[in-house]
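**Q** Right, I'll just put the structure down here and ask away after.
Here, each number is a calculation from the coordinates, and none is a lab measurement. Owing to the predicted nature of the structure, the values given are computational and were not obtained by experimental measurement. All Cβ positions, even for glycine, are placed from backbone atoms using ideal geometry, and neighbour counts span all protein chains on display.
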Ligand code: ZN
């Protein structure tokens, strides 16, 4: 990764952290899940409204480090309007990218998160909201944890 690219990615993360998209609660949510990352103290609540098999609305609340907040913000933008299968596919792809089994080409803005792959502790921050999303959509009744 070039220093220029690294800087650009940092700006994307800082921008999402400073002005998180969809930081609210979805009214009349059909799905909801909570996520905790005890290693860092991140806490996220993801709410969704699913209509006809598509994510009509998605939002997050909670508090955490810059990476967890930016990641949650990007997640809401990435999956809005997607079908449940597409959203699950995106989660699986992200997981594969973070575990290093897949490259991050054509991943759009989410590429900005991939730099944290070098810091295993931060990977949990970056994937927390995605785990919560997946738990919400698979209707897991237990709060998820990255442990
Ligand atoms: Zn964190």
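**Q** Counting alpha carbon pairs within less than 8 Å and at least 6 residues apart, what relative contact order, in whole percent, applies to the chain? Show your work: numbers first, answer last.
**A** Numbers: 262 pairs, mean separation 45.7, N = 147.
With pairs under 8 Å counted, the relative contact order is 31 percent.
**Q** Sticking with this one: Can I get the semi-axes of the chain's equivalent ellipsoid? Compute them from the C-alpha gyration tensor as square roots of 5 times the eigenvalues, in angstrom, largest first.
**A** Computed over the chain, the values are 23, 16, 15 Å.
**Q** Using the Kirkwood radius built from alpha carbon pairs, what does the Stokes-Einstein equation give as D for region 79-118 at 37 °C and 0.692 mPa s, in µm² per second? Can you show the working numbers first?
**A** Details: Rh = 10.6 Å.
For the chosen part, D equals 310 µm²/s.
**Q** While we're here: Hey, what angle do you get for helix 120-137 against the long axis of the chain, alpha-carbon based, 0 to 90 degrees rounded to 10?
**A** 20 degrees
**Q** Here's another thing I want to ask about it. For residue 145 and residue 83, what does the FRET efficiency come to when R0 = 25 Å and r is the distance between their Cβ atoms, rounded to the nearest 0.05? Could you put the intermediate results ahead of the total?
**A** Details: r = 27 Å, r/R0 = 1.09.
That pair, residue 145 with residue 83, gives E of 0.35.
**Q** Can I ask one more? Once each part is reduced to its C-alpha centroid, what is the distance from region 70-147 to region 13-32 in angstrom?
**A** 15 Å
**Q** Still on this structure, please answer the following. Report the full-extension gain for the segment residue 109 to residue 18: residue separation times 0.36 nm, less the Cα-Cα distance, to one decimal in nm.
**A** On the way: separation 91, 0.36 × 91 = 32.76 nm, distance 1.60 nm.
Once the chain is fully extended between residue 109 and residue 18, it gains 31.2 nm.
**Q** Now a separate question. What does the highest-first list of 115-128, 96-109 look like by mean Cβ count within 10 Å?
**A** Values: 115-128: 19.1, 96-109: 12.8.
Descending packing order for the listed peptides: 115-128, 96-109.
**Q** Rounded, prolate or oblate: pick one for region 19-67, where a ≥ b ≥ c are the square roots of the eigenvalues of its C-alpha gyration tensor, a/c under 1.5 means rounded, and failing that, prolate if a/b is larger than b/c, else oblate.
**A** On the way: a/c = 2.86, a/b = 1.97, b/c = 1.45.
In terms of gyration-tensor shape, prolate.
**Q** Ok, one more. Extension gain residue 8-residue 51, at 0.36 nm per residue separation less the Cα-Cα distance, in nm? Intermediate results must be reported in sequence, preceding the final value.
**A** Values: separation 43, 0.36 × 43 = 15.48 nm, distance 3.56 nm.
Full extension of this stretch gives 11.9 nm more.
**Q** Give the angle, between 0 and 90 degrees and rounded to the nearest 10, that separates the Cα long axis of helix 3-18 from the longest principal axis of the Cα atoms of the chain.
**A** 30 degrees
**Q** Using packing as a proxy for protection, rank 27-39, 57-69 so that the peptide with the highest average count of other Cβ atoms within 10 Å comes first.
**A** Working: 27-39: 17.2, 57-69: 20.9.
Going by the mean number of other Cβ atoms within 10 Å, highest first, we get 57-69, 27-39.
**Q** Run the quick spin-label model on residue 39 and residue 93: label points 7 Å from Cα toward the beta carbon, then report their separation in nm to one decimal.
**A** Here the modelled spin labels are 2.5 nm apart.
**Q** Helix-only mean residue ellipticity at 222 nm, the chain, DSSP H runs n ≥ 4 weighted -39,500 (n - 2.57), per residue, nearest 500. What is it? Intermediate values should be presented prior to the final figure.
**A** Details: 5 runs with 67 residues, N = 147.
Computed mean residue ellipticity for the chain: -14500 deg cm²/dmol.
**Q** Thinking of region 1-82 as a set of Cα atoms, what percent of all their pairs are more than 22 Å apart? Display every interim value, and only then the final one.
**A** Numbers: 1010 of 3321 pairs.
Of all Cα-Cα distances in region 1-82, 30 percent exceed 22 Å.
**Q** Can you tell me the 0 to 90 degree angle between the C-alpha axis of helix 66-79 and the longest principal axis of the chain, rounded to 10?
**A** So the helix axis and the longest Cα principal axis differ by about 60 degrees.
**Q** Suppose each label sits 7 Å from its Cα in the direction of the beta carbon; what would the residue 28-residue 118 distance come out to in nanometres?
**A** 4.7 nm
**Q** Taking the alpha-carbon set of region 103-142, what are its Rg and Dmax in Å?
**A** In Å, with Rg to one decimal and Dmax whole: 12.2, 34.
**Q** Which number do you get for Rg(Cα) / (2.2 N^0.38 Å) in region 77-147? All intermediate terms of the calculation are to be shown ahead of the outcome.
**A** On the way: Rg = 12.1 Å, N = 71, 2.2 N^0.38 = 11.1 Å.
Compactness ratio reported: 1.09.
**Q** Among DSSP beta bridges lying fully in region 1-99, give the percent that are antiparallel, nearest 5.
**A** Values: 17 of 18 bridges.
Once the DSSP bridges in region 1-99 are tallied, antiparallel ones form about 95 percent.
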